[in-house]
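What follows is one structure encoded as structure tokens, with my remarks underneath.
The values are calculated or read from the model by the stated rules, or taken from the named source; none is laboratory data. Just so you know, these numbers come straight off a predicted model, no measurement behind them. Because the Cβ atoms are built from the backbone with ideal geometry, glycine has one as well, and the counts that use them run over all protein chains shown.
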Amino acid sequence: MSPQVIGLLVGVVSILVLASGIPVAFGLGLVAIGFLVAFEGFASLSILADTFYAGLNDFTLVSIPMFILMGAAVASSRAGADLYEALARWLYRVPGSLVVSNIGACALFAALTGSSPATCAAIGRMGIPEMRRRGYDADLATGAIAAGGTLGILIPPSVTMILYGIASETSIGRLFLAGVLPGLMLAGLFILWALFLSWKRKGRLDPDTASYTLRERLQMVPRVLPFIVLIVGVVVALYGGIATPSEAAAVGAALAILLVVVIYRVWQPKALWLILRDGMRESVMILMIIGASILFGYMLSLLYVTQSVAEWIGALDVNRWVLMGWINVLLLVAGCFLPPAAVILMTTPILIPIITTVGFDPVWFGVILTVNMELGLITPPVGLNLYVINGIAPDVDLRTILKGAVPFMACMIVAILLLCLFPEIATWLPDRLMGQG
């Protein structure tokens, strides 16, 4: 059996196994072990433990549980509601201020937590009822929050970027910087569409928006400013040569817990334990997926699947942008059925040799891949953000939420096209601050 046929078989079996509902880590491990035994015999199992351990024996991985703990601490507090309220008060004179405030709050909260579902839940609980009360249609209110929540995996610090960096052996610092301008661009596209739709439907924006005095606006600053300083501090420590990504993440986690204790009085042992428990649970899940994906990648390499696919693509007489188009279609379809972590760790070992062979920048491609994963978060049948929004606004059916999310999907596709036309949107900042890659 040729390596290409084996690769196709691996892909089909992996999709079927993961579609059964089995945990991603166990599904990847099961497929890897099954194909190793089938083609290499039971003797190949002797290296399983060493391969799994080697995949996790990397100091860079410490940054994952630390950033997750940072996000868990912030998500357990009223930080999301306060971010939303602060932006609403400061932007109330801006046309369409409410939808701008919601998307802006999503972007800031996403940077703090790195979690799209947490962002949707935290901002949506406040934003959706308020937008609907002021006359915004249900599809726009829910669609804006569902899309805004996806910014959590693009704007740094991003666990998704860390996973891609580990899987592709790409600098995590460069990836974080590469996500800044595309993240702001995407947030801007979301805001422009929301403002256009609000204007088209109502003719005027926020007709009953309340006004706030300077004192009322300043009241929110002490609650919000420390968390913004936290984001800036982590970035400065990371890019100022003060700390490695793992050290910066650890400092960020410690400061996030301290801020939650001081500002929101979350000091009870039970509350602190819940933060640690939630952070530990998600961290173990992701680390298990990483270990299993390393085993999965080892299986693909041992069976010569990765190498043969790269050689086959390299031998094709096809325009590299046509190839990139098909890769985007593949990522979009995979993101519709699998979580971002699984897609990244499954596809990166195969795609990296291909994109480097045809001359694409792996840092730029990391941003393209992440935007595709954002699309998957609001695309049925497994669009996680859609179900989170439905949970916090149960009177709005999934069809209405999906209707509101579709134009924001188009904004993401526009963002991908812009990144392809102008790769400097992703590469300029890391090249500027860290030198040519």
Practice task
Could you check, for the range 415-433, whether at least one of its residues is surrounded by fewer than 19 Cβ atoms within 10 Å (Cβ to Cβ), under 21 Å from ALA144 (Cβ atoms) and not hydroxyl-bearing (Ser, Thr, Tyr)?
Solution key: yes
Fill in the blank from the handout: All-but-one check, GLY21 against (1) on the phi < 0 side of the Ramachandran plot; (2) at pLDDT below 80; (3) surrounded by fewer than 17 Cβ atoms within 10 Å (Cβ to Cβ), failing number (1)
Exercise for the section: Kindly establish whether PHE365 is under 21 Å from PRO129 (Cα atoms), among the aromatic types (Phe, Trp, Tyr), touching a helix residue (DSSP H, G or I) at 6+ places or on another chain (Cβ under 6 Å) and crowded, with 21+ Cβ neighbours inside 10 Å. Expected result: no
Practice task
Considering each of PRO226, PRO245 in turn, give the residue that is modelled with pLDDT under 80, closer than 25 Å to MET161 by Cβ and under 27 Å from the mean Cα position of the chain (by Cα).
Solution key: PRO245
Practice task
Scan the range 376-396 and report the pairs whose first residue is at pLDDT 80 or above and of a type in the set (Gly, Ala, Ser) and whose second residue is assigned to a helix (DSSP H, G or I) and loosely packed, with under 15 Cβ neighbours inside 10 Å, with Cβ atoms within less than 8 Å and a gap of 6+ or a chain change.
Solution key: ALA393/PRO129
Handout entry: Hits in the range 371-396 - residues which are out of contact with any Cys (no Cβ under 8 Å at 6 or more places or on another chain), polar (S, T, N, Q) and under 25 Å from ALA178 (Cα atoms)
Key = ASN372
Handout entry: Failed criterion for ALA146 (all others in (1) touching a Cys at 6+ places or on another chain (Cβ under 7 Å); (2) not in a helix (DSSP H, G or I); (3) not polar (S, T, N, Q) hold)
Key = (2)
Handout entry: Every residue from the range 113-124 that is within 12 Å of the chain's Cα centre (by Cα) and either modelled with pLDDT of 80 or more or in a helix (DSSP H, G or I) (or both)
Key = THR113, SER116, PRO117, ALA118, THR119
Fill in the blank from the handout: Going through the range 200-223 in order, the residues found to be at pLDDT 75 or above, assigned to a helix (DSSP H, G or I) and out of contact with any Lys or Arg (no Cβ under 7 Å at 6 or more places or on another chain) are LYS200, LEU214, ARG215, LEU218, VAL221, PRO222, ARG223
Problem - Verdict on GLY165 being within 24 Å of THR347 (Cα to Cα), modelled with pLDDT under 80, surrounded by 21 or more Cβ atoms within 10 Å (Cβ to Cβ) and of a type in the set (Gly, Ala, Ser) - result: no
Practice task
For the range 158-169, state whether one or more residues are within 22 Å of GLY391 (Cα to Cα) and not in a loop (DSSP other than H, G, I, E, B).
Solution key: no
Handout entry: Positions within the range 263-308 being on the phi < 0 side of the Ramachandran plot, of a type in the set (D, E, K, R) and either over 22 Å from the mean Cα position of the chain (by Cα) or crowded, with 17+ Cβ neighbours inside 10 Å (or both), in sequence order
Key = LYS270, ASP278, GLU282
Exercise for the section: Would you check if VAL251 is without any contact (Cβ under 8 Å) to a residue 24 or more places away in the chain and either surrounded by 13 or more Cβ atoms within 10 Å (Cβ to Cβ) or touching a Pro at 6+ places or on another chain (Cβ under 9 Å) (or both)? Expected result: yes
Completion exercise
The condition of being surrounded by fewer than 20 Cβ atoms within 10 Å (Cβ to Cβ) and of a type in the set (Gly, Ala, Ser) holds, among GLY376, GLY391, only for GLY391
Problem - Yes/no for ILE6 being at pLDDT 80 or above, buried (at least 17 other Cβ atoms within 10 Å of the Cβ) and over 22 Å from LEU151 (Cα atoms) - result: yes
Exercise for the section: Sort out which residues of the range 119-151 are surrounded by fewer than 24 Cβ atoms within 10 Å (Cβ to Cβ) and farther than 15 Å from ALA405 by Cβ, and write them in order of number. Expected result: ALA121, ARG125, MET126, PRO129, GLU130, ARG132, ARG133, ARG134, GLY135
